[in-house]
Protein chains: 2
Amino acid sequence: MSTKAYAAFSEAEDLKPHQIQRRDLQDKDVFIDIEYCGVCHSDIHTARAEWGQPHYPVVPGHEIIGRVLAVGPNVTKYKVGDLVGVGCMVESCKHCNPCDEGLEQYCESGMIGTYNSAKSKHGGITYGGYSENIVVEEDFVLSIPTTIDVKAAAPLLCAGITTWSPLRHWNVKKGDKVGVIGLGGLGHMGVKFAKAMGAHVVMITTSPEKGEDAKKLGADEVLISKDALQLQAHANSFDFLLNTIPVGHDVNPYLSLLKLDKTMCIVGAVEPLPGVHGGLLIGKRRHLAGSLIGGIKETQEMLDFCGEHQIVSDVEVINIQDINNAYERMIKSDVKYRFVIDMKSLKNS
Amino acid sequence: MSTKAYAAFSEAEDLKPHQIQRRDLQDKDVFIDIEYCGVCHSDIHTARAEWGQPHYPVVPGHEIIGRVLAVGPNVTKYKVGDLVGVGCMVESCKHCNPCDEGLEQYCESGMIGTYNSAKSKHGGITYGGYSENIVVEEDFVLSIPTTIDVKAAAPLLCAGITTWSPLRHWNVKKGDKVGVIGLGGLGHMGVKFAKAMGAHVVMITTSPEKGEDAKKLGADEVLISKDALQLQAHANSFDFLLNTIPVGHDVNPYLSLLKLDKTMCIVGAVEPLPGVHGGLLIGKRRHLAGSLIGGIKETQEMLDFCGEHQIVSDVEVINIQDINNAYERMIKSDVKYRFVIDMKSLKNS
């Protein structure tokens, strides 16, 4: 089957979007008609070769919502017409310890990304959600609750699970004091989830305006992190910090906010963090950790939770033709809080 | 009572060592005749004002072994003649959560250091173990097993507990692959304890000679950390890393050695760690943590364990008159692995 896709190109490649082939359906494959696709900062990094040389043409997109159009003969979980999602992964080895534990994102052979991976067992390069349709093994297809706004559910597949997974892993619970550092695509989901889990949520930001926005999303309190007196007042008081800042930064002022034995988890900065002070770790046995998206099982749990609690992302819907402008606006943090592409705009083009 | 002590002076102070007064015995006080005192790098930092302006004259020393000379009227745990020890702390608030949990080193009001603290409830400045004797509340006095070499037991009170506590806290057990990074006063105890706990112990060092020394102490294997191929061969394979390097350093090569969800604990570097890479934390949900000495309860557990397993430090015994030379040799790492002062040399001077 052929498909129409919106691809980022290098001049050295001559494959055109309409020439991109989806594989024929295998036994366990689900063929999905894509309705919406969220726009993640990873899409920009990849399309612009900021994370190494990509396999052009790149079809980005790993926050995919759509309807099942067809299924392979041995698919049991989904049927034609189901509302489904696809996140950041489409394959893993399925037999290492992390895969056995439902943590496919940490697969010891390496997970296969939804786009720009050359290691799929099906051959070729994986192409993502800026496309009319996609074929994915059923084990990497998620069920989307029909009770929530479909287009606003798309970012749950990456921004959602990236914040949900650490909040769950570090056992955030009712009454915990949880800080969410940074208010963007990840941070706004972190605030919503932590609040729904019963935590006392503190938005930690340099911007008073973002602080006010965070209160509208459910934050109980705001800590302006450039104010030394506010930092001092909250010192040694947090049970967990979710750090969504997407670039390298000084984490020391945040570390000093943690109680004894508590953790700050990095989910955004895939970059060096300058001068982490050993004394801040030693003095209160604090932890600096990281977390990568989430496994399929916990992604489904998150989606079910979102269905029950009516949680979705705050999104701005765009047409595929506006994608480059959207990228520019994302770089300036000019979106509340996630762009989602209405794929009708590609189909009708 | 008066005492003789070996003190580091500033020219601005005119109190002489023989004028230093120990307090009169209070209800719960234990008066200890000091036999040996280990020499910790903290002693140098404090005496030389490298950790801020100290309260001169400083009487350093917090690895103290001695015999009980007298006890206050309400002391129940010790009697005259008992072999006892004192480590890094002599008081804490005793009513905060960490104190309640036996983690006095993390006392929310701040533990009172054995020397150079101006916050003792008894007033004055605390003076440490480079001295004929010391008075300490019984709750901060440890019982020393009589089955081990007394002089070699002194460093257990700081170097020992500093490595024991994280190995226990992170539940190192039989069959775990544990790396000890750096071979000095702390590292050599880390190797001995991890081995005694049943771990497969890997000495991680830049020096092949130190690697050979570590094998004599019980290490099963050596990883030369400046060898990229060796680092690669051990990538993602460690259950725990005990990092004893005493200064700021690049931790990224070590982080890459950890398995999913595992921890590297910093116990030496009370300094900034340059450029900790967020991607190394995120990619395998790794933890970078720290740990500070240990509580009184776990220090006693360690000492009892040492009695059962015949574990002591490797020491070089010196006279107090040689202390400045010892400091110079420690700075050059020219000691295997801890200097211990025989306090007879002060008493007889």
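Worth pointing out:
- Near pairs, Cβ below 6 angstrom, 6+ apart or cross-chain, from the stretch B:285-299 (facing chain A (nearest Cβ under 7 Å)) to any residue that is assigned to a helix (DSSP H, G or I) and among the polar types (S, T, N, Q): B:S291/B:S165; B:L292/B:Q105
- Exactly one residue out of A:C306, A:C265 is in contact (Cβ under 8 Å) with a residue 60 or more places away in the chain, part of a helix (DSSP H, G or I), under 30 Å from A:E137 (Cβ atoms) and of a type outside the set (F, W, Y): that is A:C306.
- Per-region count, the stretch B:303-313, residues touching a strand residue (DSSP E or B) at 6+ places or on another chain (Cβ under 9 Å) and surrounded by 15 or more Cβ atoms within 10 Å (Cβ to Cβ): 2
- Test result for B:I341, within 22 Å of B:V90 (Cα to Cα) and assigned by TED's automatic domain parsing to the domain that holds B:T146: yes
- Per the conditions (1) away from every other protein chain (no Cβ under 14 Å); (2) assigned to a strand (DSSP E or B); (3) buried (at least 22 other Cβ atoms within 10 Å of the Cβ), the sole criterion not satisfied by A:E316 is (3).
- Strands (runs of 3 or more DSSP E) fully within the stretch B:16-114 counting 2 or more residues that are over 21 Å from B:G160 (Cβ atoms): B:29-38, B:64-71
- Condition met for B:V340 (under 17 Å from the mean Cα position of the chain (by Cα), closer than 28 Å to A:G279 by Cβ and either at pLDDT 95 or above or surrounded by 18 or more Cβ atoms within 10 Å (Cβ to Cβ) (or both)): yes
- Annotation note: of B:Y36, B:Y115, the sole residue that is in contact with a Gly (Cβ under 7 Å, 6 or more places away or on another chain) and under 20 Å from B:F339 (Cα atoms) is B:Y115.
- Residue list for the stretch B:90-99, filter: away from chain A (no Cβ under 14 Å) and crowded, with 22+ Cβ neighbours inside 10 Å: B:V90, B:E91
- B:E132 vs. criteria among the acidic types (D, E) and in contact with a Ser or Thr (Cβ under 6 Å, 6 or more places away or on another chain): yes
- Residues in the stretch A:175-187 that are crowded, with 24+ Cβ neighbours inside 10 Å and either of a type in the set (S, T, N, Q) or more than 12 Å from the chain's Cα centre (by Cα) (or both): A:V178, A:G179, A:V180, A:I181, A:G182, A:L183.
- Extreme residue, surrounded by the most Cβ atoms within 10 Å (Cβ to Cβ), among residues of the stretch A:45-84 that are closer than 18 Å to A:A5 by Cβ and either in contact with a helix residue (DSSP H, G or I) (Cβ under 6 Å, 6 or more places away or on another chain) or hydroxyl-bearing (S, T, Y) (or both): A:E63
- Taking the criterion of being closer than 15 Å to B:I134 by Cα and of a type in the set (V, I, T), the residues of the stretch B:75-95 that qualify are B:V80, B:V84, B:V86, B:V90.
- Helices (runs of 4 or more DSSP H) fully within the stretch B:159-252 that include at least 2 residues being in contact (Cβ under 8 Å) with a residue 40 or more places away in the chain: B:159-169, B:185-196, B:208-217.
- The one condition from (1) under 14 Å from A:L186 (Cα atoms); (2) in a loop (DSSP other than H, G, I, E, B) that A:S349 does not meet is (1).
The values are calculated or read from the model by the stated rules, or taken from the named source; none is laboratory data. Just so we're clear, the structure is a prediction, and the values are computed from it rather than from any experiment. Note that we place each Cβ from the backbone using ideal geometry, even for glycine, and neighbour counts take in every protein chain shown.
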